[in-house]
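Provided herewith is a single structure, encoded as structure tokens, for subsequent inquiry.
Values quoted throughout were computed directly from the atomic coordinates according to the rules given, and no laboratory measurement underlies them. Keep in mind that this is a model prediction, so the values were computed, not measured. Virtual Cβ from ideal backbone geometry, glycine too; neighbours counted across all protein chains shown.
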Amino acid sequence: MGLDLSVSSRNAEKRLWIALIVSIVIVIVEFTGGFLGQSLALISDSGHVLTDVLAVGVGILTLRLGRKRHTARRTFGYHRAEIFAALINGSTLIAVALLIIYEAYLRLQQPPVVKGPLVLAIASVGLLGNLSLAWLLSRSGGTNLNVRGVFLHTLGDALSSVAVIASSLIVIFTGYQGIDSLAAAIIGILIMLSAYRLVRDSTNILLEATPRQMDLETVAKAISDVNGVKGVHDLHVWTITSGLYALSGHITVDTDSISKSSTIVEKIEAKLKESFGIEHVTLQVEKETLENIQGHESSAI
């Protein structure tokens, strides 16, 4: 099984390296074309593709770090490096998005003459590049979370390229130059939304918040429903890195047999993995006694 996972990880990394190279080329071509064609929309679209470059970089980092061995000093390995990188990337992209929106506002006051045909040609190349990447990544996007995340980013880039193509056509056929700045502002907002989600999610992970898709009471009920469990308290669920969840807590059981307690814990671990994808589980088992019950009743009054 370990060999299969390693092979899958390396295959996914190869696809991400291809995506990284193609994305960098698209960024350079679109930024250059936007500069020469006086198109802020095209420059903004290159900024949107830049979010893919950062996302792919984080994806490659995650795959590589996931293959590194844990050490006595770093018992969870280097998984959190991904989260720090995501936080830095997201914060940087918010600044870039704000700059794009501000520049779009200034250009609306005095719109420059946009070279519509050049912008149309460059944006069409960008669209073809993004669609090619989406096709490549879709072939393994369902089996690897990192590749699937980049695939979704690429679809967003394709939509941005369509917006630039539409704005360039409006410039060509109507001569209205302000549409370029409006398209740039829309793309800037899209970048900000993506960056905000990145910053929010990475911050929540660093604060060890309960994963958004999990409800702590639902998790506690799932544990309580296991035969032999009489109570659950001091329950904590957090994210170590993307897709890797951990849980710790105390459970009270109706047996003082070590073997029976171990069986109960094994059932809980299997249920948590199957229902919530939680693979790292640490539970402290406590014997239910009359004194404990009376103590809980007293504290509840």
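So in the chain, what percent of DSSP beta bridges are antiparallel if you round to the nearest 5? Please report the intermediate quantities before stating the final value.
Details: 9 of 18 bridges.
So the antiparallel bridges amount to about 50 percent of the total.
Before anything else, pin down the relative contact order of region 2-206: Cα pairs under 8 Å, at least 6 apart, normalised by residue count, whole percent.
Values: 270 pairs, mean separation 65.1, N = 205.
Relative contact order for region 2-206 comes out at 32 percent.
Which of the residue pairs K68/K267; K68/K271; K68/K273; K14/K221; K14/K273 have a Cα-Cα distance greater than 32 Å in the structure shown?
Numbers: K68/K267 30 Å; K68/K271 28 Å; K68/K273 23 Å; K14/K221 42 Å; K14/K273 29 Å.
Over 32 Å apart, Cα to Cα: K14/K221.
Per the helix-only calculation at 222 nm, which mean residue ellipticity applies to the chain, given -39500 (n - 2.57) for every DSSP H run of n ≥ 4 and division by its residues, nearest 500 deg cm²/dmol?
On the way: 9 runs with 214 residues, N = 301.
Theoretical 222 nm ellipticity from helices: -25000 deg cm²/dmol.
Testing the spin-label approximation: label points 7 Å from Cα along Cα→Cβ at Y102 and I189. State their distance in nm.
Rounded to a tenth, the inter-label distance reads 2.0 nm.
Return the label of the correct value of Cα extents along the principal axes in Å, as calculated from the structure shown, out of (1) 96, 46, 31; (2) 74, 67, 31; (3) 83, 50, 32.
(3)
Determine how many Å³ per residue the convex hull of the Cα atoms of region 71-224 encloses.
In region 71-224, the Cα convex hull volume per residue is 166 Å³.
Go through region 179-218 and name the trypsin sites (Lys or Arg not before Pro) that are in a DSSP coil and have 14 or fewer other Cβ atoms within 10 Å of their Cβ. Numbers along the way, then the final one.
Values: sites: R197, R200, R212; in loops: R212.
When the trypsin sites (Lys or Arg not before Pro) of region 179-218 are filtered for loop state and at most 14 Cβ neighbours within 10 Å, R212 remain.
Moving on. Would you look at the GNM of the chain, springs on alpha carbons closer than 10 Å, and say which of G129, G77, G37 moves the most?
Between G129, G77, G37, it is G77 that shows the largest mean-square fluctuation.
Pull up the cross-link candidates among the aspartates and glutamates for K287, meaning alpha carbon to alpha carbon under 12 Å and not fewer than 8 places away within one chain.
D254, D256
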